[in-house]
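Enquirer: Sending over a structure as structure tokens; questions will come in a sec.
Every read-out reported here was derived from the displayed coordinates using simple, explicitly stated rules and does not represent laboratory data. None of the values given here were measured: they were computed from a predicted structure. Quick reminder, even Gly has a Cβ in these numbers, built from the backbone with ideal geometry, and neighbours come from all protein chains shown.
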Amino acid sequence: MYNPKSKCADEFINHEEILETLQYARENRHNRELIQKILEKAGQRKGLSHREAAVLLDCDLEDKNQEIFALAEQIKKDFYGSRIVMFAPLYLSNYCINGCVYCPYHAKNKHIARKKLTQEEIRKEVIALQDMGHKRLALETGEDPVNCPIDYVLESIKTIYSIKHKNGAIRRVNVNIAATTVENYRKLKEAGIGTYILFQETYHKESYLKLHPTGPKHDYNYHTEAMDRAMEGGIDDVGCGVLFGLELYRYEFAGLLMHAEHLEAVYGVGPHTISVPRIKRADDIDPGVFDNGIDDDTFAKIVACIRIAVPYTGMIISTRESKECRERVLHLGISQISGGSRTSVGGYAEEEPEEECSEQFDVSDKRTLDQVVNWLMGMDYIPSFCTACYREGRTGDRFMSLCKSGQIENCCLPNALMTLKEYLMDYASEDTRQKGEELIKRELGSIPKEKVREIVKGRLLEIEKGNRDFRF
Ligand code: SAM
């Protein structure tokens, strides 16, 4: 039985409910009147149910699809302005005891180099990341309680936060590690993590069991209920996602939104972010063997429909996607992107020798962070290195109420401009710096409250004098 309030995975992600949703969406995909009604509701910016959103995703009326894209773009502007938050992944270890068939870290892969960074190596990686200008990381590991236990992850987080190199600092560490216990989530919270990220991979239980044939990750319910345990452990910013290409995208889309509805229903706060990764070529992985790959048009439609369905949830796109693809979906709802990423264990401080190949997947966007920042500004986006919210205790429902009240413009925009200014002073190339200074001058005028604007002007001068880390 479908029950969003249940804590049992089979009830809050209910297979029959998804099938009925897909049928309802199919039957109504050219029901102009219903689609109009759903769009009107979405226009109130309060989100949509999974059923309503599924109808929009399936809609095949050309004019209505154009309205869907236009509305997604408008909602993106209303909630996130032109800010795009920057981050980089840091792979700590690729030891893994799971058998995920799409991931080269699977235990049976005997020729991939297995690595785990020492604390000294982490220091070097973090210094290299700080020297690029990064302030926010996403930690990644394979699952291996012996080679990569929780204590190692905790120690690594401590190391990362402790490194102060020149004007650099990592101010927010998000964590993408395998599903774990409430006790371990509590420890991660105490270590000061930002978001706990875990991709569901697929919400289709039968496929999930086949795609994860061995190892602890085989347990669908344990994996699917991980966000509940994270919330119980005190982590109220969680990041969901599916790996598109494994199962039918319409199924995943409905599952993803049901997961968000479940978190909202039980904990009063939906996911902080949703990621939209697609399967990529990797060491012994050929994406072509998965039947459910989606093209760029479908991908764009998914991003737009997620944006409309959960307006308060940030959306993340990684360097799995090309510059062109990223450019397209930035307009439709993406609010965070990575730049200058390496998906190998180590690789920032020194490039990994080709024969070692510890990469998790091929990166499509290989540009440097400076190039990405420059490119974003060329499209009038504001690259933001802000990490203020969780450091000011604005997590979970407190963050969501800031979003809902519209106060975010008096807070996020100033923080974005001040952290961009830090980047320009410390790391940017000359061209990027010039573009950035012009952008800051222009955007200062968009801060709604005059008093805030004046404070920001003062702080920008302070940053020029060498002071750092101002925030609202
Ligand atoms: N090991 C952790 C777990 O069990 O959830 C998560 C960390 S893993 C390093 C990060 C994510 O990379 C996975 O959740 C998966 O969705 C994604 N991934 C794995 N193989 C991939 C591939 N071939 N192409 C694109 N993404 C992939």
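Enquirer: Going down the list 7/210; 135/404; 280/421; 116/280, which pairs span over 31 Å between their C-alpha atoms?
Expert: Listed pairs above 31 Å: 280/421.
Enquirer: Please list, in order, the residues from segment 54-85 whose amide nitrogen is less than 12 Å from a point placed 7 Å along the Cα→Cβ vector of residue 407.
Expert: Residues passing the 12 Å test: none.
Enquirer: Out of the DSSP beta bridges found with both residues in the chain, what percent are antiparallel (nearest 5)?
Expert: 5
Enquirer: Let me have the relative contact order for segment 399-472, percent, based on Cα pairs under 8 Å that are six or more residues apart.
Expert: 45
Enquirer: Let me make sure I get this right: for segment 18-139, a, b and c are the square roots of the gyration tensor eigenvalues over alpha carbons, sorted descending. Under 1.5 in a/c it's rounded, otherwise prolate if a/b > b/c, else oblate. Which is it?
Expert: oblate
Enquirer: Find the all-direction average of the projected area of the Cα convex hull for segment 98-150, expressing the result in square nanometres with one decimal place. Present the calculation step by step, with values, prior to reporting the outcome.
Expert: On the way: hull surface 19.5 nm².
Result: a mean projected hull area of 4.9 nm².
Enquirer: Gain in length, residue 368 to residue 281, computed as 0.36 nm per residue apart minus the alpha-carbon separation, to one decimal in nm? Can you show the working numbers first?
Expert: Working: separation 87, 0.36 × 87 = 31.32 nm, distance 2.11 nm.
Taking residue 368 through residue 281 to full extension adds about 29.2 nm, to one decimal.
Enquirer: Just to confirm the filter: which trypsin sites (Lys or Arg not before Pro) across segment 135-183 are DSSP coil and have at most 15 other Cβ within 10 angstrom of their Cβ? Walk me through the numbers on the way to the answer.
Expert: Working: sites: 135, 136, 158, 164, 166, 171, 172; in loops: 135, 164, 166, 171.
Here the trypsin sites (Lys or Arg not before Pro) that fit, given the DSSP loop and packing criteria, are 164, 166.
Enquirer: Report, ordered by chain and residue number, the aspartates and glutamates lying within cross-link reach of residue 46, taken as a straight Cα distance under 14 Å and ignoring same-chain residues fewer than 8 apart.
Expert: Once the sequence-local aspartates and glutamates are set aside, what remains near residue 46 is 78, 261, 264.
Enquirer: Run a plain Debye calculation on the chain (Cα atoms as equal point scatterers, no solvent) and give log10 I(q)/I(0) at q = 0.08, 0.09, 0.10 Å⁻¹, rounded to two decimals, same order as the q list.
Expert: Per q value, in the given order, log10 I(q)/I(0) is -0.45, -0.57, -0.72.
Enquirer: Straight-line reach from residue 187: which aspartates and glutamates have a Cα under 20 Å away, not including same-chain ones fewer than 8 places off?
Expert: 140, 143, 144, 151, 155, 225, 228, 232, 236, 237, 392
Enquirer: Would you list which aspartates and glutamates come within 13 Å of residue 110, measuring only between C-alpha atoms, while excluding same-chain residues fewer than 8 positions from it?
Expert: 283, 284, 356
Enquirer: So, one more: Please work out how much length the chain gains when fully extended from residue 444 to residue 292, using 0.36 nm per residue of separation minus the C-alpha to C-alpha distance, in nm with one decimal.
Expert: Additional length available on full extension: 50.2 nm.
Enquirer: Okay, helix-only estimate at 222 nm for the chain: each DSSP H run of n ≥ 4 adds -39500 (n - 2.57), divide by all residues, round to 500 deg cm²/dmol; what do you get?
Expert: -14500 deg cm²/dmol
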